[in-house]
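The values are calculated or read from the model by the stated rules, or taken from the named source; none is laboratory data. Here the structure is a predicted model, which is why all the values come from computation and not from measurement. A quick note on method: Cβ atoms are made from the backbone with ideal geometry, for glycine too, and the neighbour counts reach across all protein chains shown.
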Amino acid sequence: MGQPRPRRYSRRRGNETGAERLILGAVGLIAALIGVAVAVRLTTGANGGLKPYGLHETLPEMVSSFGANARVVEIIVDDSGAYYQVIGSDHRLHIRDYAIVESEIEAGTQGYNRKTTNFVRAPTAAESHSAA
């Protein structure tokens, strides 16, 4: 048949010298610290670490408040929250803003809270026309 393959010899994991283990441990620790720093930076952001309102939690509340037959004028969802303009069964324009707001708290430090604001008015002709 064929000739046998030559055997390859390699160091198996666990046979490292003390210096190699120290270097591998230091590299692993540095990578972990960088990962934690990146995660903290990404999660705290401009909202002080608060997760903004999303469509998945605000849309059911809007349907509950204004009904499934409410006509939508505008919906905006971004990293600061969700914003709705709907014409309800009362034929009024309901504007609801789910946002993260910043406020000054004790000792001059900044705090963040979730806040919902509501405003109601008569819709303009353009808003009535564009409502779906």
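Brief remarks on what is shown
- Of all residues making up segment 71-114, the number that are in a loop (DSSP other than H, G, I, E, B), polar (S, T, N, Q) and more than 12 Å from residue 52 (Cα to Cα): 2
- Residue that is modelled with the lowest pLDDT [pool: residues in segment 55-70 that are exposed (fewer than 11 other Cβ atoms within 10 Å of the Cβ) and part of a helix (DSSP H, G or I)]: 56
- Taking (1) surrounded by fewer than 16 Cβ atoms within 10 Å (Cβ to Cβ); (2) closer than 16 Å to residue 65 by Cα; (3) modelled with pLDDT of 90 or more in turn, residue 124 satisfies each apart from (2).
- Within segment 107-121, the set of residues being loosely packed, with under 11 Cβ neighbours inside 10 Å and of a type in the set (Gly, Ala, Ser) comprises 107, 108.
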